[in-house]
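Here is the structure we will look at.
Every number in this text was worked out from the coordinates using simple rules, so none of it is lab data. Small disclaimer: the values here were computed from a predicted structure and weren't measured. Cβ atoms come from the backbone with ideal geometry, glycine included; neighbour counts cover every protein chain shown.
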Amino acid sequence: MAARKKTSSQSKPSYHHGDLRRALIEASLALISEKGFSALTLREVARRAGVTHAAPYRHFADKEALLAAVAEEGFRSMASEMRERMDTETRPTERLLACGVAYVLFAVRHPAHFRVMFGPHFNKPSDHEEMSKEGTHSFGLLMQSIIQGQQAGELRQGEPLPLALMVCSQVHGLASLLVDHQLDRPGEDTPDAEQIAIFQTRLLFEGLRRPAQNV
């Protein structure tokens with residue numbers, strides 16, 4: 001007996017509500033990791049996800065909207081990892097240290113997400129409400145840690161925002177160097193991201209400590 005010919009529904013994966021969006025995000029991350037942003041098109045993402053070329057438009061108006069969804073997920077995941085590491089500490093300065101280290105480690109472990117989150121892919125980031133909200137929330141964890149450190153008398157006083165921006169700039173710079181392998185040296189082991197992050201962040205926080213009062 002001849003084998004029955006597969007129908008189109010048997011030959012292609014089927015997606016119930018919610019699966020297609022997830023599949024498209026995962027396909028985008030894989031494509032970026034393997035070939036870079038220049039290879040990212042909705043058509044290629046659809047092909048990798050095993051759906052029709054028109055399917056991505058059910059969820060995303062264009063490539064920028066897809067990247068915004070990837071960035072939104074990245075900010076949400078980064079905030080979760082920051083909270084998880086911060087929750088192991090009680091002192092405000094140690095929570096701030098944990099926040100910075102978690103930021104760096106997230107970037108190293110999820111470089112495709114990191115590059116989407118902070119790359120020049122959005123004409124006007126504020127147009128992507130959910131992405132902006134998640135990004136603001138993750139930055140808010142850093143702000144909250146600085147304010148708590150000031151209230152506990154462990155960090156220098158003053159407006160917390162400039163201090164938060166300084167910390168963010170430092171840890172983001174280190175994260176970018178590690179993600180792009182700019183700290184690698186020929187013939188040497190790959191730098192330990194966690195050790196470097198802890199060392200740099202502790203050194204940075206020495207400058208944030210409240211100056212000792214002269215007696």
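Here are some notes:
- Test result for E159, touching a Leu at 6+ places or on another chain (Cβ under 9 Å), among the acidic types (D, E) and loosely packed, with under 14 Cβ neighbours inside 10 Å: no
- Listed by position, the helices (runs of 4 or more DSSP H) contained in segment 16-101 that have at least 3 residues being free of Cβ contacts under 8 Å to residues at least 12 places away in the same chain are 19-35.
- Within segment 114-134, the set of residues being more than 22 Å from S176 (Cα to Cα), of a type in the set (D, E) and either surrounded by 12 or more Cβ atoms within 10 Å (Cβ to Cβ) or in contact (Cβ under 8 Å) with a residue 60 or more places away in the chain (or both) comprises D127, E130.
- Selected residue [over 28 Å from M117 (Cα atoms) and in a helix (DSSP H, G or I)] from E206, E188: E206
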